[in-house]
Amino acid sequence: MSTNIILLGPPGAGKGTQAKRLVEERGMVQLSTGDMLREARSSGTEMGQRVAAVMDRGELVTDEIVIGLIREKLTSGAASGGYIFDGFPRTLAQADALAALLDELGQSLDHVIEMRVDDEVLVARITGRATCANCGEVYHDVTRPIPADGKCANCGSTEIKRRADDNEDALRTRLLAYYKQTSPLIGYYHAKGQLESVDGLAAIEAVSAEIAGLLGQQTQDA
């Protein structure tokens, strides 16, 4: 059964990891704003040319364009399992626009899942993180240190890197931006009776199980 969901949560909460699992396990399609813009820009379509022109001018892509890209995806029939909205909506105006689009297309927003975190724990988790540039294996100074020989335990690569913005000052700036811009959505979806929450700082398997329980509930009720 097709299910459309929104994943909400601050940077580092694990939205990408959980979205990847939902794609693999449920046949869903992840709609990441950044990925859609990059894809459109290189597509050569009329919409892609509009995106390229805006980005080349150094301007922000308008909500109208993003909704247009989402419309293309939702009407492509590519996702038998439904869609995961990742990074959209970010504002109340975008939430209203998405609701209007889904209504127009006869589709529904089935779950809005907030991945709750404790900021201090999140900062400690992210600032100690490093990733193998070759295979994507993740290491952490406390919980899984980089091997003493500097080689990835999974693939043997020595290209283990830290993101430039995975430092405390940069992360706190990103967190502040998230809460200022996106926190109104928590109240918006709560008021509509659609907000559900999971512990974003639990182990990956535990978070996946919590999300599966929420999504499975719809199937049982349907």
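Observations
- Rel. contact order, % - alpha carbon contacts under 8 angstrom, at least six apart, the stretch 1-119: 50
- Scattering curve values for the stretch 1-64, log₁₀ I(q)/I(0), Debye with Cα scatterers, q = 0.30 Å⁻¹: -1.20
- Expected-Rg normalisation [2.2 N^0.38 Å, Cα atoms] applied to the stretch 107-196: 1.44
- Take every pair of alpha-carbon atoms less than 8 Å apart whose residues are at least six positions apart; their mean separation over the length of the chain yields a relative contact order of 27 percent.
- Partners for Lys151 among aspartates and glutamates (Cα-Cα distance below 19 Å; same-chain residues under 8 apart left out): Glu137, Asp141, Glu159
- Translational diffusion of the chain, µm² s⁻¹ [Kirkwood Rh, Cα pairs; Stokes-Einstein; 37 °C; 0.692 mPa s]: 172
- For the chain, the per residue solvent-accessible surface stands at 53 Å², with DNA, RNA and ligands left out and a 1.4 Å probe.
- Neighbours of Ala40, meaning other residues whose beta-carbon lies under 9 angstrom from its beta-carbon, give a summed charge of +1 when Lys and Arg score +1 and Asp and Glu score -1.
- The label-point distance for Leu102 and Val23, in a model that sets each label 7 Å from Cα toward Cβ, rounds to 2.1 nm.
- Using the empirical formula 2.2 N^0.38 Å as the baseline, the Cα radius of gyration of the stretch 1-116 reaches a ratio of 1.05.
- Other-chain or far-sequence residues with amide H under 5 Å of Val112's (modelled H): Ile6, Glu196
- Solvent accessible area, Å² - Thr91, 1.4 Å probe, full protein context: 40
- The stretch 81-96 and the stretch 3-38 have their alpha-carbon centroids 11 Å apart.
- Ranking by accessible area, most exposed first, for Leu7, Leu201 with a 1.4 Å probe: Leu201, Leu7
- For the stretch 158-214, fraction of C-alpha pairs farther apart than 16 Å, in %: 66
- The alpha-carbon of Lys73 sits under 24 angstrom from the alpha-carbons of these lysines, leaving out residues fewer than 8 places away in its chain: Lys15, Lys20.
- GluC sites (Glu not before Pro) restricted to DSSP loop in the stretch 56-133 with at most 15 other C-beta within 10 Å: Glu59
- Of the two radii for the stretch 65-129, the radius of gyration is 1.10 times the Kirkwood radius, both from the alpha carbons; that is the Rg over Rh value.
- Karplus-based coupling profile of the stretch 100-111, in residue order and whole Hz: 5, 5, 4, 5, 4, 8, x, 10, 10, 9, 8, 8, with θ = phi - 60° in 6.51 cos²θ - 1.76 cosθ + 1.60 and x standing for Gly or Pro.
The values are calculated or read from the model by the stated rules, or taken from the named source; none is laboratory data. Keep in mind the model is a prediction, meaning the values are calculated, not measured. Quick reminder, even Gly has a Cβ in these numbers, built from the backbone with ideal geometry, and neighbours come from all protein chains shown. Remember, those area values only see protein heavy atoms, side chains included, never the ligands or the DNA or RNA. Shrake-Rupley method; radii C 1.70, N 1.55, O 1.52, S 1.80 Å.
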